[in-house]
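**Q** Once you've had a glance at the structure underneath, I'll fire off some questions.
Quick note: the coordinates plus some simple rules give every number you see, no bench work behind them. All values derive from a computational prediction rather than experimental measurement. A quick note on method: Cβ atoms are made from the backbone with ideal geometry, for glycine too, and the neighbour counts reach across all protein chains shown.
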Amino acid sequence: MSNSATEMLVAACLQFLQAHPPFDRMEAEALRFLTEHVRLAHYPKGARILSSEMGVARTLYILQHGKVQVRASGAASSNVEPAPNTLGPGQIFAISALMAQRPTSSAYVAREEVFCYELPADDFFTLTQKSTVFNLFCSQYIAGLLRQSQQQLQLQFAQRAAEQKTMNSPLAMIVKREPVSVAPDTSIRQVVALMADRHLGSMVVVDDGDQPVGIFTLSDVLKRIVLPGTSLEQPISSVMSVTPQTLPLAANAHDAALAMAMHGIRHVLAVDEGGRLRGVVSERDLFKLQGAGLRQIRHAIDAASSLDVLQHAREDIRQLSLTMLAEGVGGQEITQFISTLNDTVTRRIIEMNLERHDLYGIDWAWLSFGSEGRDEQTFISDQDNGIVYICTDIMDREQTQLRFLDFARDVNADLDTCGFPLCKGNIMASNPSLCLTLEEWEERFAQWVRTPEPQALLNATIFFDFRPLYGRFNLAHRMRLSLFRQTSGNPLFLRMLAQNALSVSPPLGRIRDFVTSDDPEHPGSIDLKKYGVRLFTDAARVFALARQVEATNTATRIKRAGVLMNLSPEEVAASLEGFNFIQLLRLRHQHFEQEHGREGDNLIRPDELNEIERRILKEAFRQARKLQARLKLDYQL
């Protein structure tokens, strides 16, 4: 072809591209590069232009003429099948697959005769380097997909929240646990002891046919037992309220609220068609349906005088978190919300225990580590805590530590009672190796930095994410400054920490979409904590230590370190969207598991996600891979 003919084709291509975004804003040099490297391809009606069966995407497509229909590959097996989409002239496809270097998740078919400008993969990546406009367009495209997925998650949770948290809910849905009941001849002493042991506010009395004949509540103790001096050996039938109010399981929460208001009572009994007891609905249950607000929860925690109140507050935190999911709040905000209120519960437990332990006159602080230290707790976080204190010359160091250990054991036990399980790895303040003076903590950090052995690097991933919850916060600040002094003077440690962060890769397959577990107990699953969240937190920790960013929260670390690393706002936003999406999936999965009576975990099965969720999860992992690529570049790994 002659030079003049080539120039005519280039000019025609240039004229077409300049009429469509993002090419209408593209830099002249980059646009010229694009027009010189694309080729015009023809596809007859019905031709399959691109699909997952064709393997890893090698080309960017810019539709020049005709229409292309987009169908989700494998949508029949998905939970949600997106409607087919149609592309027209000027639109681009295969950006996500090309950037992730994977097969496309959709099939692109010519609805009519189609012409496409096609740009090879190598030239595509060169163009992203030459053109800031085009690079931004690709980043925003991916961020848009992440927002689309979050909206879908929001709709799913909104539906579930509406089903679970409405006054139209049947009583069968409200009563979650098996009712506890006693026979009429059971002694008062036995009933009161059983109520205390099970943390019950009421006890139902049933006959031989399991039909309710009476109810006894905590408010009856004073007026019917204590003041009259009733013998505890008397049968419960002598002090119970007879003919308790009952409603069928098919009745709804409105019916229960009306019955309580009409009869001046606080409990309604749910019975089956045969009149047998199936559950108890309390005023508190109805309050939960209407949604406990943040202010009420905080007030209840701050005023709590017993662990029972704090246990209920923890359940309220969970319910309010579900409401936030339904309202479309992001994963980062929800985990921070959970952590903030859990902090409040922890502080109240510490205050309650300080009434029994004399620590007056000692400067000390309660520290949180791990996900708690990062403000990133989910529904299944356990305890990770420690203590730092000042031991003056006139104090006996051993006796002082023993006082703190006694105090810490009680706090750890109370936290466990309130739903924060004891740490299986004994990362708790009651462990003598984690209840240390400021100087001992500083020396411990210095030792790990000086000798970055595998155990030291593991310790760094846990203990360097520390945050004070109670006491002298300035002690934690001094620990942080000491840590920065140690790490800034030891580039080898940061390099080893970066290498440790790269020991786990995003579970993206070369042939399959994802690399999943072959564990016979959890086949086809991905641990979103180990192979998802960790990828972001480990990278963010290295970035923060290298640039002396004091924040421990992963998102905050990426934002602040990103500025110092000259990352573009679009790159930072894309990373945060990916991290946010993985956290949302974790929260949804944990809630689902616990809702069905199983112990929550972080194991999701990609095959059970719908097509959009799978697509966005792949993009989230790709964002983690980009952070890891930066680590490799910074430390030449």
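**Q** Charges on Cβ only, +1 for Lys and Arg, -1 for Asp and Glu, centred on the Cα centroid of the chain; of Met240, Gln311, Ser321, which one is farthest towards the dipole's positive end?
**A** Value: Ser321.
**Q** Also, I was wondering about something else. On a 0 to 90 degree scale, rounded to 10, what angle separates helix 132-164 from the longest Cα axis of the chain?
**A** With rounding to tens, the tilt is 30 degrees.
**Q** From the phi angles alone, apply the Karplus equation (6.51, -1.76, 1.60; θ = phi - 60°) to region 455-466 and give each ³J(HN,Hα) in whole Hz, x where the residue is Gly or Pro.
**A** After applying 6.51 cos²θ - 1.76 cosθ + 1.60, I find 5, 5, 5, 5, 4, 4, 5, 9, 8, 6, 9, 9 Hz.
**Q** Based on DSSP, what percent of beta bridges with both residues in the chain are antiparallel, to the nearest 5? Can you show the working numbers first?
**A** Working: 50 of 58 bridges.
Bridges in the chain are about 85 percent antiparallel.
**Q** Separate question: Express in nm, to one decimal, how much length is gained between His477 and Glu443 on full extension, taking 0.36 nm for each residue of separation and deducting their alpha carbon distance. Can you show the working numbers first?
**A** Details: separation 34, 0.36 × 34 = 12.24 nm, distance 1.55 nm.
Contour length minus Cα-Cα distance gives 10.7 nm.
**Q** Please compute the alpha carbon radius of gyration of region 294-489, then divide it by the globular-protein estimate 2.2 N^0.38 Å. Two decimals is fine. It would help to have the intermediate numbers written out before the result.
**A** Numbers: Rg = 17.3 Å, N = 196, 2.2 N^0.38 = 16.3 Å.
Here the Cα radius of gyration is 1.06 times the empirical estimate.
**Q** Let me spell out the model: positive unit charges on the Cβ of Lys and Arg, negative unit charges on the Cβ of Asp and Glu, origin at the Cα centre of region 499-635. What dipole size does that give, in debye rounded to 20? Working shown, then result.
**A** Values: 22 positive and 20 negative charges, 139 e Å.
Dipole of region 499-635, to the nearest 20 debye: 660 debye.
**Q** Using alpha-carbon positions, what is the distance between the centroids of region 207-276 and region 518-582, in Å?
**A** Answer, in whole Å: 53.
**Q** Exposed loop GluC sites (Glu not before Pro) only (DSSP loop, at most 15 other Cβ atoms within 10 Å): please give the longest stretch of the chain free of them, not including the sites. Each step should come with its number before you reach the end.
**A** Numbers: sites that count: Glu27, Glu112, Glu113, Glu233, Glu273, Glu327, Glu355, Glu521, Glu550, Glu599.
Within the chain, the longest run free of exposed GluC sites (Glu not before Pro) spans 356-520.
**Q** While we're here: Val10 versus Leu492, label points 7 Å from Cα toward the beta carbon: distance in nm?
**A** So the two model labels end up 5.5 nm from each other.
**Q** A further question follows. What is the Cα convex hull volume of region 499-635 when expressed per residue in Å³? Show your work: numbers first, answer last.
**A** Values: hull volume 16.5 nm³, N = 137.
Cα-based convex hull of region 499-635, divided per residue, equals 120 Å³.
**Q** If only Cα atoms are counted, what is the Rg of region 460-571, and what is its Dmax, in Å?
**A** 16.8, 54
**Q** Here's a follow-up. Setting aside same-chain residues fewer than 8 positions from Lys626, which lysines have a Cα under 27 Å from its Cα?
**A** The reachable lysines, counting only those whose Cα sits under 27 Å from Lys626, are Lys130, Lys529, Lys530, Lys559, Lys618.
**Q** Here is a follow-up. How high is the FRET efficiency from Ala413 to Asp607, r the C-beta distance, R0 41 Å, rounded to 0.05?
**A** Taking R0 as 41 Å, the efficiency between Ala413 and Asp607 is 0.50.
**Q** In Å and from the alpha-carbon atoms only, list the Rg and Dmax of region 171-289.
**A** According to the Cα coordinates of region 171-289, Rg and Dmax are 13.9, 41 Å.
**Q** Could you tell me which of Pro520, Thr554, His199 has its Cα farthest along the dipole of the chain towards the positive end, charges placed at Cβ (Lys, Arg +1; Asp, Glu -1), taken about the Cα centre?
**A** Of the listed residues, the answer is Thr554.
**Q** Relative to the longest principal axis of the C-alpha atoms of the chain, give the angle of the C-alpha long axis of helix 307-326, reported between 0 and 90° and rounded to the nearest 10°.
**A** Rounded to the nearest ten degrees, it is 30.
**Q** Which ordering of His199, His254 is given by a fewest-first count of other beta-carbon atoms within 10 Å?
**A** Values: His199 11, His254 14.
Ordered from fewest to most neighbouring Cβ atoms within 10 Å, His199, His254 come out as His199, His254.
**Q** Further, regarding this structure: Give me the compactness ratio for region 3-130, meaning the Cα radius of gyration over 2.2 N^0.38 Å. Numbers along the way, then the final one.
**A** On the way: Rg = 15.2 Å, N = 128, 2.2 N^0.38 = 13.9 Å.
Taking N as the residue count of region 3-130, the ratio is 1.09.
**Q** Per 0.36 nm of contour for each residue apart, how much would the distance between Gln455 and Ser187 grow if the chain were fully extended, relative to their Cα-Cα spacing?
**A** Details: separation 268, 0.36 × 268 = 96.48 nm, distance 5.75 nm.
Extra length from Gln455 to Ser187 when fully extended: 90.7 nm.
**Q** Any idea what the dipole of the chain comes to, in debye rounded to 20, about its Cα centre with Lys/Arg Cβ at +1 and Asp/Glu Cβ at -1? Show your work: numbers first, answer last.
**A** Working: 67 positive and 75 negative charges, 332 e Å.
With only Lys, Arg, Asp and Glu charged at Cβ, the dipole is about 1600 debye.
**Q** Return the calculated 222 nm mean residue ellipticity for the chain, to the nearest 500 deg cm²/dmol, obtained by summing -39500 (n - 2.57) across DSSP H runs with n ≥ 4 and dividing by the residue count.
**A** Details: 23 runs with 315 residues, N = 637.
That comes out to -16000 deg cm²/dmol.
**Q** Could you state the angle between the C-alpha long axis of helix 569-595 and the longest principal axis of the C-alpha atoms of the chain, as a value from 0 to 90 degrees rounded to the nearest 10?
**A** That helix lies at roughly 40 degrees to the long axis.
**Q** Put +1 on the Cβ of each Lys and Arg and -1 on the Cβ of each Asp and Glu in the chain; which of Gln18, Tyr531, Met565 then has its Cα farthest toward the positive end of the dipole?
**A** The listed residue farthest towards the positive side: Gln18.
**Q** Still on this structure: Send over the Kirkwood Rh of the chain, from the inverse of the averaged 1/r over different Cα pairs, rounded to one decimal Å. If you can, show how the numbers build up before the last one.
**A** Values: mean 1/r = 0.0348 Å⁻¹.
Over the chain, the inverse of the mean reciprocal pair distance is 28.7 Å.
**Q** What share of Cα pairs, in percent, lie more than 19 angstrom apart in region 333-386? Intermediate values should be presented prior to the final figure.
**A** Numbers: 470 of 1431 pairs.
Percentage above 19 Å: 33.
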